[in-house]
Each structure stands twice: as C-alpha cells, then as structure tokens.
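Chemist: Let me begin by handing over the structure; questions about it come next.
The values are calculated or read from the model by the stated rules, or taken from the named source; none is laboratory data. Since we're looking at a predicted model, the values are computed, not measured. When we count neighbours, we look across all protein chains shown, and the Cβ atoms used for this are built from the backbone with ideal geometry, even at glycine.
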Amino acid sequence: MPPPYAWFMGVAFVAHCLLNQNSKVLDGAHCAGVYSPMVDVLRAKGWRIEQMPCPELAFAGLNRFWAVREQYDTAAFRRHCKRLSAAVADVIAVRVNQGEDVVLIGIEGSPSMGVTITSSDPERGGRPEWPDGSPELISGEGIFVEELRAALESRGINYPRVAGETHAIPGHDETVQRARLEAVLADRPDGSAGGA
Amino acid sequence: MRTVQTGVPVARDARSFRVALVADRYVNPPPDGTDGLAVAADTGWGVLQLPAEDYPASLAGPLLAEVAEQAEEFRRHGYDLVLVGERDGLAEALAQVGLALPDSIVPGSAAELSTFLRARPAPAAIGPSGPVR
C-alpha cells in the first residue's frame, strides 16, 4: 500500500519554533506564530511538514535565559534530548523505510537545534551579564541534533540532509536562507528534481 | 527591560501568546482540505502539530506526551490554547499533565477556522488591554 502522503516530495522534520514562535526564548520571536519564510518554501516545493518538539521549552520553560551549549550540556538535558530524539527518530525511520526522502530543518546558532552552527562559551555562567555580539557562534551541532544523529545511527538510518533558519547568524539574509533551503531540498539522493 | 510583576510575561518580541494544537490533516492538508497552517500564519497563531492520524500508538504516544508537556508550559504562563481537529489519545496525554482538552473546532473551511481563531478572547498572558510592554 502506498504511504498516505505519497503526493508529497518528501518529509521535512522542522524545528518546533518554525511553526510556533511562541516557544522561543524571550526576545527571540521574529513573528506572531508561524515563521512563513521557511514554511512557505517547504509548502511551495511540495514537502510534507513534521514538527519536532522544542527541547528547551519543556525542560527550561518559557522564562529561560538565552544560553550556550555548555549551559545546556548537562546529564539531565542529555537524557531529555535522548527521549525526544528517540520519538523523532522512530518516525524518521518509518518514513525512510517507506522510501520517502527526509530533510532536517534546524535553527542555526541554537545550543540545541543548530545543524551546522551552534553556540559555545565555556566561561559563560553565573550572573547573566555579557556584552552584545555573537562571539559564541561556532561550527557544530546543537545537543538535540547530536542526540538525534545518534538515535538515527542506532536504527541504521542515514543522517538526512540539513538546512537551518539563520536569524541568529550575523548578516542574516532571508534571500540567502531561502536559496540554501531550496538547494538542500533539490539535492535529492536519487538525482530527481526536488520540487516545482 | 520593564519589570511589571513577578511571573507576568512581558511582551518584548513579536509572539502572539496564542498556540493552536493542530491535527496533522490541517498542517499537511490533502488537495481539497482546509489549510490550517496557512490560517494560523494569517491570524498570528503558533502551531503545535499533532501526530499523523495513521501513526500507530507506539509512534504517536511519545509524540503526544511531548505535545502535552509543551502545552502545559504554555497554559501555566497564560497563553491561549485551542484544538483544531481531533486526535485519538490527545485527551489522555493532556490528562497526564493535568490539562483538559481546550476549546476546539473541526473546521469545514479556512474561513470558519479563521473566524474561530480571530474571535478568541485575549490570552491571560496579555490581558484585555494588550501586551504589557
């Protein structure tokens, strides 16, 4: 039996806040609810959307501080992310085993949802005062994304192609962000077109 | 930053304080279906997507548990919550965190959903006079 969503180009597993900016750390919401620039591209290209849980929301709450990887990299947060990533990896495995193309859309610069850029500052802690700027941005993955990669590996599932929302990155340009997303969607492993 | 009262969220960004739990068929609508995601974007609501209807309990259960935990955090901070569509197991998952099913709609059209969302009262996190700034 064909999968019920066979008319979709593939399945995009998206960071929670792309559909719900209310989950953002305070001062971080860019719009009221749905972040349309990324969602519109996925829709226009015919991708099914699956929203992942926000690792920080239920763990640290709506009044959490902005934080870097080191502040979230605790045993308890790792366990939380392992639980969440297991649930997501199970769904990804079903999709992949049905022959569907899968991409992962994260949040660049995020301590938990970064896919190629995360944030790091081993010295950060204590009274929350530090200068503006973004010296903490480094190449790497957020903690949830690391755990998701491990969960997929343990299921024998290849890590999917990734793209990220880039508001936290200096020089953020919505046109560039869109072009990168479109390129990732089009880069299908079977060489077929990635959407209209 | 303006301190108003301990525990009262202060609107310092663009968030709406409105979150809809949305059944998958309205996030990924069939060709003739109601596009709930587009309506949510148009009306300024955030979306908490519910697992696809055809997912077995072994897949959907853990996802529903996470939806419930996140809904609990929104509710305890006074964000408005509604349910768009239906999902088996949601009521039980919400009950696990002490929540009842929120006000809901099974919309027959985008216009009907839009009317429902726009008619909601101001969330407790905002208050009747608008966001605290």
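Chemist: Only one of A:ALA15, A:ALA67, A:ALA44 is more than 9 Å from chain B (Cβ to nearest Cβ), within 16 Å of the chain's Cα centre (by Cα) and touching a residue at least 24 places away in the same chain (Cβ under 8 Å); which? Step through it out loud before you land on a result.
Modeler: Details: A:ALA67 fails: within 16 Å of the chain's Cα centre (by Cα); A:ALA44 fails: within 16 Å of the chain's Cα centre (by Cα).
Unique residue meeting the criteria: A:ALA15.
Chemist: Check B:GLU72 against each of (1) acidic (Asp, Glu); (2) within 20 Å of A:CYS17 (Cβ to Cβ); (3) within 7 Å of another protein chain (Cβ to nearest Cβ) and name the one condition it does not meet.
Modeler: Looking at each condition in turn, B:GLU72 falls short on (3).
Chemist: In segment A:12-23, which residue that is closer than 15 Å to A:SER110 by Cβ and of a type outside the set (A, V, I, L, M, F, W, C) is surrounded by the most Cβ atoms within 10 Å (Cβ to Cβ)?
Modeler: A:ASN20
Chemist: Let me ask something else about it. Which of the numbered conditions does A:ARG79 fail, given that it passes all the others? Conditions: (1) touching a Leu at 6+ places or on another chain (Cβ under 7 Å); (2) free of Cβ contacts under 8 Å to residues at least 12 places away in the same chain.
Modeler: Failed condition: (1).
Chemist: To continue, here is another question. Just name the residue that is surrounded by the fewest Cβ atoms within 10 Å (Cβ to Cβ) out of those in segment A:24-36 that are closer than 19 Å to A:GLU50 by Cβ and facing another protein chain (nearest Cβ under 7 Å). It would help to see each step written out before you state the result.
Modeler: So the first thing to find is which residues in segment A:24-36 are closer than 19 Å to A:GLU50 by Cβ, and the list is A:33-36.
Filter once more, keeping what is facing another protein chain (nearest Cβ under 7 Å): A:33-34, A:36.
Details: A:GLY33: 27, A:VAL34: 25, A:SER36: 15.
Residue satisfying both the conditions and the ranking: A:SER36.
Chemist: Now for a separate question. Show me the helices (runs of 4 or more DSSP H) found entirely inside segment A:75-192 where at least 1 residues are acidic (Asp, Glu), modelled with pLDDT of 95 or more and in contact with a Phe, Trp or Tyr (Cβ under 9 Å, 6 or more places away or on another chain). Write out each step before concluding.
Modeler: Details: elements: A:75-97, A:143-154, A:174-186.
The qualifying helices (runs of 4 or more DSSP H) are A:143-154.
Chemist: Right, something else. Looking at the structure I just gave you, is A:LYS82 within 14 Å of chain B (Cβ to nearest Cβ), surrounded by fewer than 19 Cβ atoms within 10 Å (Cβ to Cβ) and either of a type in the set (D, E, K, R) or closer than 23 Å to A:SER139 by Cβ (or both)? Step through it out loud before you land on a result.
Modeler: Numbers: within 14 Å of chain B (Cβ to nearest Cβ): yes; surrounded by fewer than 19 Cβ atoms within 10 Å (Cβ to Cβ): yes; either of a type in the set (D, E, K, R) or closer than 23 Å to A:SER139 by Cβ (or both): yes.
Answer is yes for this residue.
Chemist: Let me ask you something else. Does segment B:114-128 contain at least one residue that is under 29 Å from A:ASP27 (Cβ atoms), in contact (Cβ under 8 Å) with a residue 12 or more places away in the chain and of a type in the set (Val, Ile, Thr)?
Modeler: Yes; the residues of segment B:114-128 include at least one that is under 29 Å from A:ASP27 (Cβ atoms), in contact (Cβ under 8 Å) with a residue 12 or more places away in the chain and of a type in the set (Val, Ile, Thr).
Chemist: Would you pick out the residues in segment A:37-79 that are polar (S, T, N, Q) and surrounded by 23 or more Cβ atoms within 10 Å (Cβ to Cβ)? Give the derivation first.
Modeler: Applying the first criterion (polar (S, T, N, Q)) to segment A:37-79 yields A:51, A:63, A:71, A:74.
Across segment A:37-79, the qualifying residue is only A:GLN51.
Chemist: Here's something else I'd like to know. Taking segment B:93-105 only, how many residues are loosely packed, with under 14 Cβ neighbours inside 10 Å, touching a residue at least 12 places away in the same chain (Cβ under 8 Å) and over 12 Å from the mean Cα position of the chain (by Cα)?
Modeler: Qualifying residue count, segment B:93-105: 2.
Chemist: Considering each residue of segment A:47-64, count those that are touching an Asp or Glu at 6+ places or on another chain (Cβ under 7 Å), more than 8 Å from chain B (Cβ to nearest Cβ) and either part of a helix (DSSP H, G or I) or not basic (Lys, Arg) (or both), and give that number. Let's see the steps before the verdict.
Modeler: From segment A:47-64, those touching an Asp or Glu at 6+ places or on another chain (Cβ under 7 Å) are A:53, A:57-58, A:61-62, A:64; that's our starting set.
Within this subset, residues satisfying the condition of being more than 8 Å from chain B (Cβ to nearest Cβ) are A:64.
Still in the list and also either part of a helix (DSSP H, G or I) or not basic (Lys, Arg) (or both): none.
Qualifying residue count, segment A:47-64: 0.
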